[in-house]
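Scroll down for the structure; my scribbles are underneath it.
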Amino acid sequence: MNIVVCVKYVPDATADRQFTSDHTVDRVGVDGLLSELDEYAVEQALRIKEKADDGTTVTALCVGPEKAVDAVRKSLQMGVDKGVHVLDDAIAGSDYIATSLVLAKAVEKLGAEARVDLVMCGMASTDASGSVVPAMLAERLGLPQVTFAAVVETQGDQVRIKRDSDTATEVIGATMPLVLSVTDQTGEARYPSFKGIMAAKKKPMETWSLADIGVDAGEVGLSVAWSEVAETTERPARTAGEIVKDEEGSGASALTEFLASKKFI
Amino acid sequence: MSEVLVVVDHVDGAIRKPTLELLAIAKRLGEPAAVFFGGSEAAAGAAAKLAAFGAEKIYVIDDTEIKGYLVAPKAEALQQLVEKTSPAAVLFVSGYEGKEVAARLAIKTGSGLITDAVDVAAGSAGEGPVTTQSVFAGNFTVQAKVTRGTPLITIKPNSAPPEESAGAGTVEEFAVTISDSAKTAQIVASQPREASGRPELTEAAIVVSGGRGTGGNFEPIEKLADSLGAAVGASRAAVDSGWMPHTFQVGQTGKTVSPQLYVANGISGAIQHRAGMQTSKTIIAVNKDDEAPIFELVDFGVVGDLHSVLPAATEQIEKRKG
Ligand SMILES: Cc1cc2nc3c(=O)[nH]c(=O)nc-3n(C[C@H](O)[C@H](O)[C@H](O)COP(=O)(O)OP(=O)(O)OC[C@H]3O[C@@H](n4cnc5c(N)ncnc54)[C@H](O)[C@@H]3O)c2cc1C
Ligand SMILES: Nc1ncnc2c1ncn2[C@@H]1O[C@H](COP(=O)(O)O)[C@@H](O)[C@H]1O
């Protein structure tokens, strides 16, 4: 099997995330890392590979600025076989539409030698949180999508997932090739072992430009985005509330008082 | 005035509340036209309600060839409807399905997509609607608009109050053709969620949540919730421990809620949890650690043990209600 995992480099959620003056996410001034939600996709890809035990190749694919190579490196340390980083100044500020185009073209290039059977994604990027790139990728690649998996099962070229939608628990099935996205319910992601970290240094790692994947610079980037951000505003900090210490039941009374004063009772 | 398509979210014809909110938003942007996927029987029942909340037109798309598959057929059907009606915008409920149908439709129609709007206003003349999003765990608001194609917007539940104001509700059957290639991801089984008897988490006016601090005993949380007519929520720690099903999880990888009141009990207030509740109007926390970060957000906080504070408070609330 040939598996591609799409991994995104995102600003650390626990750091002070910011926008730049052109209203794009600041990906340089804020510490970044491999999106935690994409670690689950890497983990599932590795489990599928281990279960298949047939010489499956897992490739980590990342579109992002120079530092984004960290996301690929971490994936290699976790155990994927090779890495591809699509890096091109023209990509900066791309929206979902352009990002999905670049990813799709890179997947097509990866599939030129051997068919890509599975394109795997996280359920959402932790910065944009759109949860739309996997569906867009499926549309662009003309593939079925099997998305938001809470449980993943594969057998030969068959994939079955369980997912919790708003109103039902569903089982979805499809035949490879397909796009698969996984949630953080699928199982803890492994930490890179010391051996993994050492091995990663010797794994193949390529950097591709837009020209390498046949995308015109005019098709991507902020200036051609299909949507436009006019304004970003930091939310004012919440005003400090009243905090009481519970002493012999005083907490419950104060809580009830507060609820009544706000007409919640 | 151009039509604004609202993709109806329903279960067997029962319209879910966020759709009514979308109709209210659609009215600001043009003429609300509901798009109903389903059989004619379910549609007949739903039509009256959609009309009562402002739908001028109701496009009914027979879902015989659609319902057994994941999102791709719906996107194809909507593409055909968008090409026929050239709407001013298409509105979806932000959820797995709404987002993914919108994502495929964006590529198919060459249209820009904005996800998870919490508000939408009409744009200036000749321009598309202006959306408001809440990003980075609610720390920023972003104003944006679509600049290409048909604006496709997914909107979070609770973004506008539903408005009862009758529209014509003219029903029009819209015939679509679904390609075989769209029918590839099959819904093999679907188990409807059992009703909890409590309000739906994302729609509730009050949410009472519990975290690791419950130690696995959610009874104090549930009793307080019931005394306030609230929905029950949980942190990921509580869900990961197997104490509550994932569908109760509030946060980045669970539900986003924005109720009038959110009560966090035994929850520390990690950024990923905040992402799902930070925009609640009023926030209360009960936590035995006075340094828990959740207290930075609260309007009112009690430093104490939830296992004694909540039952006592519940008793007092019941008494007051008489
Ligand atoms: C990618 C990613 C996504 C995530 N998504 C989510 C998400 O969607 N939702 C979510 O909630 N988390 C999410 N998390 C996890 C999040 O980071 C926290 O680990 C989690 O929210 C902690 O849950 P908690 O507050 O219940 O537990 P803890 O952080 O352990 O806090 C327990 C709190 O209970 C208090 N306590 C203990 N006993 C009592 C008592 N008897 N009475 C009163 N207080 C008591 C303690 O003082 C403490 O503050 C995510 C993490 C990652 C990395
Ligand atoms: N720039 C990117 N590089 C690689 N993968 C990405 C990128 N953007 C999005 N993805 C993938 O698409 C998923 C969903 O992203 P999003 O739609 O932005 O929430 C992520 O979890 C990744 O797997």
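The values are calculated or read from the model by the stated rules, or taken from the named source; none is laboratory data. Just so it is clear, the model here is predicted, and its values are computed rather than measured. In this analysis, Cβ positions are derived from the backbone assuming ideal geometry, glycine residues included, and neighbour counts consider all displayed protein chains.
I need the full set of residues from the range B:149-165 which are more than 19 Å from the chain's Cα centre (by Cα) and at pLDDT below 95, in order please.
Within the range B:149-165, B:Ser165 is the sole residue that qualifies.
So which of A:Gly142, A:Gly156, A:Gly173 is more than 10 Å from chain B (Cβ to nearest Cβ) and either of a type in the set (Phe, Trp, Tyr) or surrounded by fewer than 24 Cβ atoms within 10 Å (Cβ to Cβ) (or both)?
Numbers: A:Gly142 fails: more than 10 Å from chain B (Cβ to nearest Cβ); A:Gly173 fails: more than 10 Å from chain B (Cβ to nearest Cβ).
The match here is A:Gly156.
In the range B:178-198, is there at least one residue being within 16 Å of ligand 1 (Cβ to nearest atom), closer than 30 Å to A:Phe264 by Cα and modelled with pLDDT under 95?
no
Tally the residues that are within 16 Å of ligand 2 (Cβ to nearest atom) and at positive phi, restricting the search to the range B:263-302.
Going residue by residue through the range B:263-302, those that are within 16 Å of ligand 2 (Cβ to nearest atom) are B:272, B:275-276.
With the extra rule that they be at positive phi, the set shrinks to none.
Residues meeting the conditions: 0.
Could you check how many residues of the range B:233-260 are among the aliphatic types (A, V, I, L, M) and surrounded by fewer than 21 Cβ atoms within 10 Å (Cβ to Cβ)?
Selection size over the range B:233-260: 1.
Could we say that A:Thr256 is within 11 Å of chain B (Cβ to nearest Cβ), crowded, with 18+ Cβ neighbours inside 10 Å, among the polar types (S, T, N, Q) and free of Cβ contacts under 8 Å to residues at least 24 places away in the same chain here? Working first, answer last.
Numbers: within 11 Å of chain B (Cβ to nearest Cβ): yes; crowded, with 18+ Cβ neighbours inside 10 Å: yes; among the polar types (S, T, N, Q): yes; free of Cβ contacts under 8 Å to residues at least 24 places away in the same chain: yes.
Considered against the rule, which asks whether it is within 11 Å of chain B (Cβ to nearest Cβ), crowded, with 18+ Cβ neighbours inside 10 Å, among the polar types (S, T, N, Q) and free of Cβ contacts under 8 Å to residues at least 24 places away in the same chain, A:Thr256 comes out as yes.
Sort out which residues of the range A:1-23 are in contact with a Leu (Cβ under 6 Å, 6 or more places away or on another chain) and more than 21 Å from A:Glu206 (Cα to Cα), and write them in order of number.
First, the residues of the range A:1-23 that are in contact with a Leu (Cβ under 6 Å, 6 or more places away or on another chain): A:3-4, A:6-7, A:12.
The one that is in contact with a Leu (Cβ under 6 Å, 6 or more places away or on another chain) and more than 21 Å from A:Glu206 (Cα to Cα): A:Asp12.
State all residues of the range A:31-49 that are more than 16 Å from ligand 2 (Cβ to nearest atom) and either part of a loop (DSSP other than H, G, I, E, B) or at pLDDT below 85 (or both); if no residue qualifies, say none. Full working, then the answer.
Of all residues in the range A:31-49, those more than 16 Å from ligand 2 (Cβ to nearest atom) come to A:31, A:47, A:49.
If the condition is that a residue be more than 16 Å from ligand 2 (Cβ to nearest atom) and either part of a loop (DSSP other than H, G, I, E, B) or at pLDDT below 85 (or both), then A:Asp31 is the only one that fits.
Rundown of residues vs (1) touching a residue at least 60 places away in the same chain (Cβ under 8 Å); (2) crowded, with 16+ Cβ neighbours inside 10 Å; (3) of a type in the set (A, V, I, L, M, F, W, C), yes/no style:
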residue: B:Pro129; (1), (2), (3): yes, yes, no
residue: B:Phe136; (1), (2), (3): no, yes, yes
residue: B:Lys145; (1), (2), (3): no, yes, no
residue: B:Val171; (1), (2), (3): yes, yes, yes
residue: B:Thr184; (1), (2), (3): yes, yes, no
residue: B:Ala189; (1), (2), (3): no, no, yes
residue: B:Gly197; (1), (2), (3): no, no, no
residue: B:Thr202; (1), (2), (3): yes, yes, no
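Within the range A:7-45, which residues are more than 16 Å from ligand 1 (Cβ to nearest atom) and surrounded by 24 or more Cβ atoms within 10 Å (Cβ to Cβ)?
Step one: of the range A:7-45, the residues more than 16 Å from ligand 1 (Cβ to nearest atom) are A:16, A:18-30, A:45.
The answer is A:Ala45, and nothing else.
Being within 30 Å of B:Ala189 (Cα to Cα) and surrounded by fewer than 20 Cβ atoms within 10 Å (Cβ to Cβ) narrows it down to one of B:Lys108, B:Lys99, so name that one.
B:Lys108
Quick one: which residue in B:Gly251, B:Gly229 is in contact (Cβ under 8 Å) with a residue 12 or more places away in the chain and within 13 Å of ligand 1 (Cβ to nearest atom)? Don't jump to the end; show me each part of the working.
Numbers: B:Gly229 fails: within 13 Å of ligand 1 (Cβ to nearest atom).
Just one listed residue meets the conditions, B:Gly251.
Starting from the range B:265-292, keep only residues that are within 25 Å of B:Pro311 (Cα to Cα), then list their pairs with residues that are at pLDDT 95 or above and within 16 Å of ligand 2 (Cβ to nearest atom) whose Cβ atoms are within a distance under 6 Å, requiring at least 6 positions of separation or different chains.
B:His273/B:Gly251
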